[in-house]
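Trainee: There's a structure below that I have some questions on.
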């Protein structure tokens, strides 16, 4: 097996960056990524293009303000939004034999079975509060 020196340096820098990230940034990233994965499992799937288009981003501003964004569709964002919002669309295998039976409208947010629901919001709030305490406990 041959590994280039530059690749080793990139891997080391990536690992060090992950270790040095403040607790709030790590928690925000984990929450957003978990929401993305939960939404992907609920996304209607025939070929899997919509499901694979998921993107997640966590932003920590001023060390204490957290924003997260999960979006689907890429260039087909309008299609993703249409699939998400239309309750009357049939998403299961009874309409499309290749479809995943777990696919649903409001796969990201909007009802109790969505990826982002009251349960996830409570968990995120608790994790964020703990991370804030840890952030300010750390020596600078």
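Coordinate-derived values only; no laboratory data. This structure is a prediction, so every number in the text was calculated from the model and none was measured. Methodologically, a virtual Cβ is constructed for each residue, glycine included, from the backbone with ideal geometry; neighbour enumeration extends over all protein chains shown.
Trainee: By count of other Cβ within 10 Å, fewest leading, how are 36, 65 ordered?
Mentor: Numbers: 36 22, 65 9.
With the sparsest Cβ surroundings first, the list reads 65, 36.
Trainee: Listing 67, 42 from the residue with the fewest other Cβ atoms within 10 Å to the one with the most, what is the order?
Mentor: Ranked by crowding around the Cβ, least crowded first: 67, 42.
Trainee: Mind giving me the FRET efficiency for residue 123 and residue 81? R0 is 25 Å, r the Cβ-Cβ distance, nearest 0.05 is fine.
Mentor: 0.45
Trainee: Fewest to most neighbouring Cβ within 10 Å: what's the order for 49, 128, 43?
Mentor: By the 10 Å Cβ count, ascending, the order reads 49, 128, 43.
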